[in-house]
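The values are calculated or read from the model by the stated rules, or taken from the named source; none is laboratory data. If you're wondering where the values come from, they're calculated on a predicted model, not measured in any experiment. Methodologically, a virtual Cβ is constructed for each residue, glycine included, from the backbone with ideal geometry; neighbour enumeration extends over all protein chains shown. Keep in mind that these areas ignore ligands, DNA and RNA; they rest on the heavy atoms of the full protein, side chains included. Shrake-Rupley method; radii C 1.70, N 1.55, O 1.52, S 1.80 Å.
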Amino acid sequence: VWLSMNKSLANDTKRDVAALFGDPHLVMEYEGGKKSEKSLGKNEGILFATYSTLAKGFENDGSNFKKIVDWLGKDFDGVIVFDEAHKMGNASDQKGKRGKKSASQTGLAGIALQEALPKAKVVYSSATGATEVSNLRYAERLGLWGEGTAFKNGDDFVSQITSGGLAAMELVARDMKAMGVYLSRNISYDDVQYERLEHKLNKDQKEIYDTVADAWQIVLQNVNKALEATNQTKDGKARGSAMSAFWSGEQRFFNQILTSMQIPSVITDIEKQLADGKSVVIQLVSTNEAAQEADIARVKNEGLGLEDVDITPRQILMDFVDKSFPVEQYETYKDDNGNERSRKVLDSSGKPVLNRDAVKLRDELLDKLGSIKVPSSPLDMIIDHFGVDMVAESTGRTRRIITRDGKKVEENIANKRDADIAAFQNGDKRIIIFSKAGGTGKSYHADRAAKNQQQRVHYLLEAGWKADDAVQGFGRSHRSNQASAPIFKLVTTDLSGQKRFISTIARRLGQLGALTKGQSQTGGQGMFSAEDNLE
């Protein structure tokens, strides 16, 4: 049994099985529901299934889990490969900074499968196996806890090793290697080249940056006014929710703005690499699919054309104001213990009452923000420049808007990912853009078995918030059996001289309590007084 992240990895499984055994037809893809009997029609082979398929209602009678276990039989002594095993990382309840985090169904199903088939041999395979001790909780077969060990069970192991810190984790790795249950290999990075591509903001971009920074400050001021007007300042949960939505929206917005502003420098550099006989791999995180889908629905409802679709970072700001701006009225009351509390005001039908002043503030903000000039989506800017005949896309998007014969048209790409990857590896397309959804397990390297063996130039256009995912992305263009190692390029933006950027940092630090009134080293007062120091 070969378990992995998603259905698209079945083709990669067949590729690997063909390399090992010469016959990709050994792999049988499991499909649930009415097709499950057909999927389990053979008596031997390698059954490929996804974690989500295995985990869905795995405790219920008639589930995919039960069908697979029954097909294998309780005496099954073959191999279960947990590919991308880190998917099972959250296999037990955990205490976090924001309360208890329940175990995932995927992790629980993985443990249950190992318990149901005690004679099976188990392989856990992952490029990012465990960044925390708790991530090993699914690995029941490693002999780390239980009879004959120092830990009575998995939870005891996680608790004690966590308290031991990094040194304890290193001892675990050493002992696993000594027991012969842990094999850790890295492909050599000797021939890999690393470069930084820095984009310097031009005059227009600086003006745009300052304008949107001002806009967010104005929005923040209005959020605080609305909280006052709606009496939500006395409700910690309501205020916390509003401010959390503001800061997360601001963070995503500026990430997209800066990424978009870098594109002119990226395009110029890509053109040089193509002219030099190289192929290009571009790694990003955000595809703006949600914003795209929302705006396509908007233009269709308003009877407009695709030319009016706005797939830009501005939509993040507009969505925050439209959906998260505090407009619901709150009232104070005293509970049974005489403590003053706050709650929503509801009308006779049980719906929240909206504060007119707050609604007016929101609508005025939406009118002003709609005219702000911002750059387009990074993904679409690259595709528009080089064209779909040059650019392969391996993301989670199901459709996109492209320009064809001077007109905007809608293109369905839900089933084109594998074809685009093949086109890139064959050399029919020399640029490929991928996100996390299109990155796991895929190969975009200069494979000696591929027609396109040009050296890859891998742009880390958008790193994201998790180092694990970024490292997984690097593994798409640097793999075994390659004709040449890639060139990695980190794309950054020079923000020197941008006062609004410094102000935003200073203001955020002030919000977090790092800069408070009277603590400035420059002698000034207030949270903006450390700007010169920060600069």
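Applying both filters, DSSP loop and at most 14 other Cβ atoms within 10 Å, to the chymotrypsin sites (Phe, Trp or Tyr not before Pro) of the range 446-477 gives W465. Between 0 and 90 degrees, the angle of helix 236-275 with respect to the longest Cα principal axis of the chain falls at about 70 degrees. Applying the Karplus relation 6.51 cos²θ - 1.76 cosθ + 1.60 with θ = phi - 60° to the range 224-233 yields 3J(HN,Hα) values of 5, 4, 5, 4, 5, 5, 8, 6, 8, 5 Hz, where x marks Gly and Pro. Entry comment: accessible area of the chain is 53 Å² per residue, from protein heavy atoms only and a probe of 1.4 Å.
In the neighborhood of V133, defined by Cβ-to-Cβ distances under 12 Å, what is the net charge if each Lys or Arg adds +1 and each Asp or Glu adds -1?
Details: positive: R137; negative: E132, D155, D156, E170.
Net charge in that neighbourhood comes out at -3.
Summing charges over neighbours of T149, with a neighbour being any other residue whose Cβ is under 12 Å away from its Cβ, gives -2 when K and R count +1 and D and E count -1. What the phi angles of the range 398-412 give under the Karplus curve with 6.51, -1.76 and 1.60, with θ = phi - 60°, is a coupling list of 9, 8, 8, 9, 10, 9, 9, 6, x, 10, 7, 10, 9, 10, 7 Hz, glycine and proline written as x. For the cross-link pairs K225/K368; K429/K466; K200/K368, which exceed 25 Å when the distance is taken from alpha carbon to alpha carbon? Over 25 Å Cα-Cα: K429/K466; K200/K368. Size estimate for the range 292-386 follows the Kirkwood approach: the inverse of mean 1/r over distinct Cα pairs works out to 16.6 Å. For L47, nonlocal amide neighbours, meaning residues 5 or more places apart or on other chains whose placed amide H falls under 5 Å from its own, are W2, M28. Over all other residues within a Cβ to Cβ distance under 15 Å of V192, the charged ones net out to +3, with Lys and Arg as +1 and Asp and Glu as -1. Phi-derived couplings, Karplus 6.51 cos²θ - 1.76 cosθ + 1.60 at θ = phi - 60°, listed residue by residue for the range 59-73: 7, 7, 5, x, 6, 4, 4, 5, 5, 5, 5, 5, 5, 6, x Hz, with x used for Gly and Pro.
Summarising the strand pairing of the chain, around 30 percent of its internal DSSP beta bridges are antiparallel. Database remark: amide H of T493 closer than 5 angstrom to the amide H of H199 (H placed geometrically; neighbours at sequence offset of 5 or more, or on other chains; Pro and chain starts carry no H). Set the bar at 32 Å for Cα to Cα. Now go through K237/K489; K272/K323; K278/K408 and name every pair that lies beyond it. Beyond 32 Å between Cα atoms: K237/K489; K272/K323. Compared with the dominant principal axis of the Cα atoms in the chain, helix 105-116 is inclined by about 20°.
Near the amide H of I413, within less than 5 Å, lie the amide hydrogens of R399, R400, all on another chain or at least 5 residues away, with H placed in the peptide plane. Leaving out ligands, DNA and RNA, what percent of the accessible area of the range 139-206 is carbon and sulfur, probe 1.4 Å? Answer for the range 139-206 is 48 percent, counting heavy atoms of protein chains only. For the chain, the mean residue ellipticity at 222 nm estimated from helices alone is -13000 deg cm²/dmol, where every DSSP H run of n ≥ 4 contributes -39500 (n - 2.57) and the total is divided by all residues, rounded to the nearest 500.
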